[in-house]
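Step one of this worksheet: look at the structure below.
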Amino acid sequence: MKSLLQIAATALLITGGAACALAASQPKVIAHRGYWDSPGSAQNSIRALVKADSIGCYASEFDVWLTADSVAVVNHDPEFNGVHIESSTAAEVTALKLANGENLPTLEEYLTAAEPLGIRLVLELKAHDSLSHERLAISKILEAVDRHGLGDRTDYITFSPTAFATLVREAPAPAKVYYLTGNMIPAQVKFLGGAGIDYSFGDISKHPEWMKEAHDLGLEVNIWTVNKEADMRRCIEDGADYITTNDPETLFNLLRERK
Ligand code: MG
């Protein structure tokens, strides 16, 4: 039979081993608006999603708005080519051409394209003009993700504190919800039920203590939008769990160097 001392020594070894494994873990690569900075691609296009998957990104981030007739569509800004999405119909919005010639996609089309891929989805719900429209957007999004069977591959991010609270409450497990702007300290995000902070490189640079605070609270840390090599290196060295970038190839190269 093992003595108490032997058991304690074994426990210490196991704990130490786990800590080493954690320290050696690498951040996961998230393509910001897909892998759009590549031939034939465009921001938030289906091609950018497929390209991000093809180079092995962990996830592809994209942005969602609701049109005036309550159709969820994928685009970053509130307007595209002068058309204001929230006050336009889906027919008007989806007639618009992205830089690569694709039509501006609906969420439906985007999720259909994602289904056969292995990549995870990081869905950003934009802060809408009214809380009621934002609330409806959340319902439409959760229903669509569920219908496509993508609930276990989709996480949510938002700048809207109201949407954050609603998504935390209503997105079914195992979805995780992250808050996007550094006006909440990690303890507040934890208190509200978030899975982590998804803050800009600028916010994290101003508050380097947040990385450890978040991890001590059991939160994950995603940093956006990290495009310079020096900044990527710093995020890696500081222990980010995820890095969101417009340049996933460069980030992959840096991560390979460190293996
Ligand atoms: Mg976004």
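Along the principal axes of its C-alpha atoms, what lengths does the chain span, in descending order and rounded to whole Å?
For the chain, the Cα spread along each principal axis is 73, 38, 38 Å.
List the pairs from Lys190/Lys212; Lys97/Lys228; Lys97/Lys176; Lys126/Lys212; Lys28/Lys206; Lys126/Lys176 whose alpha-carbon separation is above 20 Å, in the order I gave them.
Exceeds cut-off: Lys97/Lys228; Lys97/Lys176; Lys126/Lys212; Lys28/Lys206.
In square angstrom, rounded to the nearest 10, how much accessible surface does Leu136 have for a 1.4 Å probe?
Result for Leu136: roughly 60 Å² accessible.
In whole percent, how big is the carbon plus sulfur part of the accessible area of the chain, probe 1.4 Å, protein atoms only?
58 percent
More than 15 angstrom separation, counting every C-alpha pair in region 120-206; what % is that?
When all Cα pairs of region 120-206 are counted, 55 percent exceed 15 Å.
Between Lys259 and Leu131, what length comes free when the chain is fully extended (0.36 nm per residue of separation minus the Cα-Cα distance, one decimal in nm)?
My answer for the length gained is 41.5 nm.
Among Ala42, Ala163, Pro116, whose Cα sits farthest toward the positive end of the charge dipole of the chain (+1 at Cβ of Lys/Arg, -1 at Cβ of Asp/Glu, about the Cα centre)?
Looking along the dipole axis, the top candidate is Pro116.
Against the empirical 2.2 N^0.38 Å scaling, what ratio does the C-alpha Rg of region 176-229 come to?
1.03
I'd like to verify something in the chain: which complete DSSP H helices, judged by Cα projection on the helix axis, reach 27 Å or more and average at least -1.0 on the Kyte-Doolittle scale?
Span-like helices here: 4-23.
I'd like to check one number: the per residue accessible area of the chain, probe 1.4 Å, reported in Å² as a whole number.
Accessible area per residue, the chain: 47 Å².
Using a 1.4 angstrom probe on the protein heavy atoms only, line up Thr162, Thr250 by accessible area, largest first.
Thr162, Thr250
Relative to the Cα centre, what is the charge dipole magnitude of the chain, using +1 at the beta carbon of each Lys and Arg, -1 at the beta carbon of each Asp and Glu, and rounding to the nearest 20 debye?
With Lys and Arg at +1 and Asp and Glu at -1, about 880 debye.
Testing the spin-label approximation: label points 7 Å from Cα along Cα→Cβ at Ile185 and Glu109. State their distance in nm.
Each label point lies 7 Å from its Cα, and together they span 4.6 nm.
Okay, helix-only estimate at 222 nm for the chain: each DSSP H run of n ≥ 4 adds -39500 (n - 2.57), divide by all residues, round to 500 deg cm²/dmol; what do you get?
It lands at -12500 deg cm²/dmol.
Sticking with the crude label model, points 7 Å out along Cα→Cβ, report the distance from Thr89 to Ala173 in nm, one decimal please.
4.4 nm
Just to make sure I understand: if all protein chains stay in place, what is the order of Thr245, Thr89 by accessible area at 1.4 Å, largest first?
Thr89, Thr245
How high is the relative contact order of region 142-259, given as a whole-number percent (alpha carbon pairs under 8 Å, six or more residues apart)?
Dividing the mean separation by the residue count of region 142-259 yields 17 percent.
The values are calculated or read from the model by the stated rules, or taken from the named source; none is laboratory data. All figures in this text were calculated on a predicted structure; none of them were measured in a lab. Positions of Cβ are backbone-derived with ideal geometry, glycine not excepted, and every protein chain shown enters the neighbour counts. We work out accessible area using only protein heavy atoms, side chains counted, and drop any ligands, DNA or RNA first. Shrake-Rupley method; radii C 1.70, N 1.55, O 1.52, S 1.80 Å.
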